[in-house]
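Working notes for the structure below.
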Amino acid sequence: MPFPQDRPRRLRRTPMLRGLVRETTLLASDLIWPLFVVPGKNVKTPIASMPGQYHLSVDKLVEEVKAARDLGVLAIILFGLPEGKDETGSQAYARDGIVQQALERLKAEAPGVVLMTDVCLCEYTSHGHCGVLKGEEVDNDPTLDLLARQAVSHAKAGADVIAPSDMMDGRVGRIRTALDEAGFSHIAIMSYAAKYASAFYGPFREAAESAPAFGDRRGYQMDPANAREALREVDLDVEEGADIVMVKPAMAYMDVIRRVRRRVDLPLAAYNVSGEYAMVKAAAERGWIDEKAIVLELLTGIKRAGADLILTYFAPDAARWLKEAHG
Ligand code: PBG
């Protein structure tokens, strides 16, 4: 029934009508806030490349997580900056490692928040690669043992969800087995299933002090030009036991989010990464864009593309804005 009978504008006439037919609703409970924890006490150091984000000591982290929880952010993911780094990233699986300490305190002092941890060695290795080296290459299979140890030590310290981001082949299966054998069959895995070798991670690498000392990550992270391969990665992780799968980054990969959504019925997460955050912040600081409107539009777009969950540094701000909008 074409114009003049068919008039889509009828349903856009008032806020009530628009609300009635709105297809996608962003909720604070969709959001997962990534946080960077550092040794020490009373530390809250701004991260230059990510305005509004901080390096936090455990005591400050607990405060921030509680404040975010009160705004409705009910899940966080932790990244650790260890006291020291070595060839095999041993602080990643140390019982008193920085993430392990943070988990223990959060578990005790910030109930009601899902605690997720990033499992990867790049923040812990002296060379900044995501696994152990053989010559100049990351050696896949020996790395799996270390990732499994890291995952189990996070579970012991109180993690609810383990999120491997290293992109080694077979890591989801190995971590699943290790968790089960250690008595953690109830702990979930969110796999960074389709993780691209992206320039959008630049600000994060400054924040996490995890830039590779030589080379890049293209030998293990995916080629940004590939989408079918993302489905293959997702299928493998699902077979190996992933409970949630992730696409990362988000904004330049909306098509991948949609394709993965069609492929699996598992919860799907998308990571609105550091470079995406920094671009919005930079433009907003100059007054070139309206930050609040842009952020809510971007996050709604990621959800509309098919993501159920969004990892985003905007989580607390977005939660506050949603609260203002909906009461
Ligand atoms: C660790 C890891 C990275 C990010 C999440 N986990 C960096 C990388 O792979 O180099 C990036 C997150 C972001 O940019 O916000 N491997």
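A short reminder: the numbers here are calculations on the coordinates, not readings from a lab. Remember, predicted model here, so these are calculated numbers, not experimental data. Cβ: placed from backbone, ideal geometry, glycine included. Neighbour counts: every protein chain shown.
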Those residues that are touching a residue at least 60 places away in the same chain (Cβ under 8 Å) and not in a helix (DSSP H, G or I), I need them from the range 133-158; list them, please. E136, E137, V138
Would you be able to tell me the number of residues in the range 199-230 that are in contact (Cβ under 8 Å) with a residue 40 or more places away in the chain, out of contact with any Lys or Arg (no Cβ under 6 Å at 6 or more places or on another chain), part of a loop (DSSP other than H, G, I, E, B) and of a type outside the set (A, V, I, L, M, F, W, C)? 7
Any idea which of (1) within 24 Å of the chain's Cα centre (by Cα); (2) in contact (Cβ under 8 Å) with a residue 12 or more places away in the chain is the one P46 doesn't satisfy? (2)
Could you tell me whether any residue of the range 32-45 is surrounded by fewer than 18 Cβ atoms within 10 Å (Cβ to Cβ) and touching a Pro at 6+ places or on another chain (Cβ under 9 Å)? yes
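Any idea which of A163, A68, A148 is buried (at least 22 other Cβ atoms within 10 Å of the Cβ), of a type in the set (A, V, I, L, M), farther than 25 Å from K41 by Cβ and away from the ligand (no atom under 16 Å from the Cβ)?
Numbers: A163 fails: away from the ligand (no atom under 16 Å from the Cβ); A68 fails: farther than 25 Å from K41 by Cβ.
The conditions single out A148.
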If I ask for residues that are of a type outside the set (F, W, Y) and either assigned to a strand (DSSP E or B) or buried (at least 19 other Cβ atoms within 10 Å of the Cβ) (or both), which ones from the range 111-126 would you list? V114, L115, M116, T117, D118, V119, C120, L121, C122, E123, T125
Only one of A225, A283, A250 is away from the ligand (no atom under 13 Å from the Cβ) and under 23 Å from L31 (Cβ atoms), namely A283
Within the range 100-110, can you find the residues that are farther than 19 Å from I244 by Cβ and either of a type in the set (D, E, K, R) or assigned to a helix (DSSP H, G or I) (or both)? Q100, Q101, A102, E104, R105, L106, K107, A108, E109
